[in-house]
Every structure is written in C-alpha cells, then in structure tokens.
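A quick write-up on the structure given underneath.
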Amino acid sequence: MEFRDELKTLKDQVKFGEFFKVDSFSNIVIAGMGGSGIAGRIFSEMYSDKPVFVSDDYSIPNFVDENTEFIAVSYSGNTEETLSAVEAAMKKGAKVHAITSGGKLGEMGIDTIKIPSGLQPRSAVGYLTMPIINTFIKPSPDDVDEASRILADLDANNTVQENIATEIFAGRRIPVIYGASPFRSIAYRWKTQFNENAKVLAYSSYFSELNHNDTMPLRDTYRKDEFYFMAFDSEDERIRKRIEVTQKITGTQFKKIDVRGTSLFARSFYLIHVGDYITYHLARLRGIDPQDVSAIEDLKKRIA
Ligand code: PA5
C-alpha cells in the first residue's frame, strides 16, 4: 500500500471497537517503543482517573504488581524492549494484555487484541491506541464520528500542510514543534514522524515548561534562521498568552497550528493527522520514501 493510502486508513482506524475486559485495578502501565509506544503517551494525556505510567524501556517500574493493568503495544510483536517488559510484568503477577499484529508477542498466550498487519507501525496509530481508549475512556459514538469526519476532510484537502512542508523544505530547516497539554505527546509524535517519514532531525517541547528553558535560546541562539518553529494553538488563555509573549520577547515567529474538532478525542486525532501530512509532504518534496525505516531495521538485526 502507498504511504498516502496508509494515512487515509486513520479515519476508519478510529472506529476500531476492540477493548480489554478489566476489573478493579490500581494503576496502568503501557509499554511500547517508537511508532507503537506513542499509543501510551497519547492515552496518558486523555486519562487521569488512575495513575498511568508509560514505559519505553527493557525494564518496568518497581510498583508493578497484581493490581496493575499492563498493556504491551508492539505493531510487529517483535520489539525486544517491549518483550522484555512483558516478561518482567508477568513475573510480577500483573494483568498483562497485548496489542499487536503478530510476532512473538502474539504467541505468548496473553490476552491479546490482534490488529491488521501490512501498515507502517506509525500509520497504525488508531489501531494501536483505540483498544486502550475503548477500555478506559469509552469515547461516545458522536466523538468517534466527529473524529472520522474531520480526518476524512484532511485526507481530501491537506494543502495547508503541504505548504508548511514546502516552507520547511525551501529553507532546509529543522522543525521545532511546541505543544501544550493535552497535546504534549502529539508534539513528540510530530517529532518522530519528521524523523521516520521525512528523515530529518526535529525537536519538540511544550508550554509552559519551555518558558523555563527554551525561552533563552529562542532569544539568543545561533543559526536561528535554520529552524522552523511551529506552535499548536491552545484553548487555554494562559497558554495563548504565553505563546504570544514568548514570540514577542524572543523575536521568534511561530507558525500557528490550528486544531479542529470539539471533543478532546477528535482534536487529538486531527492534530496527529496534521503532523502525518506535513511529514509525508516533506518526504515527498525531498524525494524520500516515507515508508523506508531500513536503518532502524538494520540496527534491530545487528543487536539481535
Ligand atoms: O515506526 C516504526 O517503524 C518504529 O518506530 C517502530 O514502531 C518501533 O521500532 C517499534 O517497533 P514495533 O512498533 O513493531 O514494536
């Protein structure tokens, strides 16, 4: 499947209705790396009823026990850090679940939701995230419909995103993405999409934390014109004020990224997809295959 066609499946992925049956629990741990790991990060910003720990490591936190709902997310099912975390969670007696298209994880005999194969892991963000959201948040059918509708609109018209990619490409600039709660993880998702799809280094951070560090180099760094600064628009007045004052006192112009949708669910997936298209167009302009992750695969083989 062409990468652009992979992106177009997101509007259907958000309708993926699978969920895990869970009883009483004290905390949630979600383990995964890269394009799979983003599922836990996105979920952790939507949910705050119980503690959520997002693990992107071989090991798991000490607090994991039989009251932990532990969800391993790996598209291939063969990511060694995630498999190692699963084994550790099983030893601790946690309630272990998995989301995968197959691989070793799919054969471990644990409670597993199988998702369709044949996509790049990062293009399966809906399949990877929806089972977690369905289990613990249960979005309303209206929210799901809204998300699907605005994603379809973006599939049909992404000229704004193409123009941003063109500006980045014209200056061979390094993308800098600034988010704010509840979209801090999505700023990071954009960074990783720039890395894997367009094969460019990128940087992300978020308000208001960046007002306690990045604000200095935003004013005083060297080679500033080599960066392309973007900031997600925010519904929070204090964050809006911070964005405005940060631009003013540092003499930096941020490209404002508008967010569509009424529900947090729809807004999150819309923003994810905006990043998908900017990074896809940048890859296209560079003449680079957005599906190519050969260096990542090579590294995995060499350390196996
Ligand atoms: O997007 C990618 O291909 C990577 O970031 C992978 O998701 C990452 O290497 C982890 O692999 P998997 O998603 O199969 O667990």
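The values are calculated or read from the model by the stated rules, or taken from the named source; none is laboratory data. Everything quoted here is computed from the prediction, not taken from an experiment. Virtual Cβ from ideal backbone geometry, glycine too; neighbours counted across all protein chains shown.
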Would the range 239-252 turn up any residue that is under 21 Å from the mean Cα position of the chain (by Cα) and loosely packed, with under 15 Cβ neighbours inside 10 Å?
-> no
Only residues that are surrounded by fewer than 18 Cβ atoms within 10 Å (Cβ to Cβ), within 16 Å of the ligand (Cβ to nearest atom) and not in a loop (DSSP other than H, G, I, E, B): list them for the range 82-104, please.
-> 84, 87
Residue list for the range 22-59, restricted to those being of a type outside the set (S, T, N, Q), more than 16 Å from the ligand (Cβ to nearest atom) and assigned to a loop (DSSP other than H, G, I, E, B) | 22, 23, 25, 47, 49, 50, 51
Within the group 5, 65, which residue is more than 18 Å from residue 127 (Cβ to Cβ) and more than 16 Å from the ligand (Cβ to nearest atom)?
-> 65
Return only the number of the condition from (1) within 16 Å of the ligand (Cβ to nearest atom); (2) in a loop (DSSP other than H, G, I, E, B) that residue 195 does not satisfy.
-> (2)
Does residue 70 meet the test of being at pLDDT 95 or above, buried (at least 23 other Cβ atoms within 10 Å of the Cβ), closer than 19 Å to residue 272 by Cβ and not small (Gly, Ala, Ser)?
-> no
In this structure, does residue 133 turn out to be within 27 Å of residue 197 (Cα to Cα) and away from the ligand (no atom under 14 Å from the Cβ)?
-> yes
Considering only the range 277-302, state which residues are in a helix (DSSP H, G or I), of a type outside the set (Phe, Trp, Tyr), touching a helix residue (DSSP H, G or I) at 6+ places or on another chain (Cβ under 9 Å) and away from the ligand (no atom under 12 Å from the Cβ).
-> 278, 281, 282, 283, 284, 285, 286
